[in-house]
1. What accessible area per residue comes out for the chain, rounded to a whole number of Å², with a 1.4 Å probe?
2. Would you mind checking LYS121/LYS163; LYS85/LYS232; LYS235/LYS277 for any pair whose Cα atoms are more than 23 angstrom apart?
3. Roughly how many nanometres apart are two label points built 7 Å out from the Cα toward the Cβ at ARG193 and GLN50?
4. Straight-line reach from LYS51: which aspartates and glutamates have Cα under 17 Å away, leaving out those fewer than 8 places along the same chain?
5. Would you calculate the volume per residue, in Å³, of the smallest convex hull containing every Cα atom of region 45-193?
6. Mind putting a number on the dipole of region 11-304 about its Cα centre? Charges go on the C-beta only, +1 for Lys and Arg and -1 for Asp and Glu, and I need it in Debye to the nearest 20.
7. What ranking, highest mean first, results for peptides 243-251, 218-226, 64-72 when packing means the other Cβ atoms within 10 Å averaged over each residue?
8. Determine the gain in length on full extension of the stretch ALA150-ASP115; use 0.36 nm per residue of separation and subtract their C-alpha separation, reporting nm with one decimal.
Amino acid sequence: MLIKRPSDIAPSEITSKSLFESRREWMKMASGLLVAGSGLISMEAEAGFQKLMKSPLSTTGKDDPINTLAEITSYNNYYEFGTGKDDPAQNAKGFKARPWTLTVSGEVGKPQTYDIDALIKRIPLEERIYRLRCVEGWSMVIPWVGFPLATLLKEVAPNSNAKFVAFESIKRPKEMIGQQEEVLAWPYVEGLRLDEAMHPLTILAVGLYGDILPNQNGAPVRLVVPWKYGFKSIKAVQNIRLVQQMPPTSWNRANSREYGFYSNVNPAVDHPRWSQKTERRIGEFSRRPTLPFNGYANQVAHLYQGMDLKKYY
Ligand SMILES: Nc1nc2c(c(=O)[nH]1)N[C@H]1C(S)=C(S)[C@@H](COP(=O)(O)O)O[C@H]1N2
Ligand SMILES: [Mo]
């Protein structure tokens, strides 16, 4: 049975009605198993998307219109699938995002291994519309579907040694053809301080535009930290470990002078090779100013009180 999924619907069709309406319409047509990329998502997990809640933490101002599905899924950074912006959409088509397990372990009382679809079925999903600012100087507004990372972290009961959270993606060079070259050390890794990881704005995304996450955007599950440069938002997360020491991160390891651990969006601290004062919103012609903490300063600036953000870039 052929189902018209949101990814087959023209962006104009989607923006003309609410995300939820378009979702419900095609859900009515669906039955049995739905094809998600090249893996299968169970109907039960799929149903989790039906009960999507709008989050009060979404960015919904008229200055930040949501980017189209076509923009969000065709202009990507995902070096596992190539370094060109259009490489991930092409090369991630065959990626097997299901079945998938996510482990949360380390300095915790109750380590867990989660099946991603069981999680989607169990944990209430929210729509979170956030700005995404890439360190390269472009940005988008993306309607993620996900849940607070804190929900999982609380379940595993961090102990008093847990100070940081380390995230690890997957290494599968046969499927991830970009990994056949050592552009970065694979797998891609990232990290947060525990309080950053627990912050209500920090989510694990399992979808966007009301549907499951496209492969090029990090299926089946990726981190989203909206006040930090995009590279912190690691895609295809497989392992999460609570640790005592600041963990290594891919871009810091590749070039520590240019990419720090914190990587908070900051127009006052330029990249050594370009200014960070402005950005190009995908779909717009002229550049717009970059906002401190990507516009989320009211919610997150307190995390960095007393820190020299030029030193801790
Ligand atoms: N595993 C992995 N995660 C990644 C990347 C990557 O190359 N590999 N690129 C990062 C960068 S630089 C950005 S800007 C965002 C882009 O997310 P998007 O393609 O969904 O917009 O993903 C981030 N997460
Ligand atoms: Mo990026």
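1. Details: 13720 Å² over 313 residues.
Accessible area per residue, the chain: 44 Å².
2. Details: LYS121/LYS163 30 Å; LYS85/LYS232 17 Å; LYS235/LYS277 26 Å.
With Cα atoms farther than 23 Å apart: LYS121/LYS163; LYS235/LYS277.
3. 4.3
4. Cα-Cα hits under 17 Å: GLU21, GLU25, ASP117, GLU126, GLU127, ASP211.
5. Values: hull volume 21.9 nm³, N = 149.
Each residue corresponds to 147 Å³ of Cα convex hull volume.
6. Details: 36 positive and 30 negative charges, 55 e Å.
Dipole size: approximately 260 debye.
7. Numbers: 243-251: 16.9, 218-226: 25.3, 64-72: 19.0.
Put in order of decreasing packing, that is 218-226, 64-72, 243-251.
8. On the way: separation 35, 0.36 × 35 = 12.60 nm, distance 1.76 nm.
Net length gain for the segment: 10.8 nm.
The values are calculated or read from the model by the stated rules, or taken from the named source; none is laboratory data. Here the structure is a predicted model, which is why all the values come from computation and not from measurement. Using ideal geometry, Cβ is built from the backbone for each residue, glycine included, and neighbour counts are taken over all protein chains shown. Heads up: the accessible areas ignore ligands, DNA and RNA and are worked out on the full protein's heavy atoms, side chains in. Shrake-Rupley method; radii C 1.70, N 1.55, O 1.52, S 1.80 Å.
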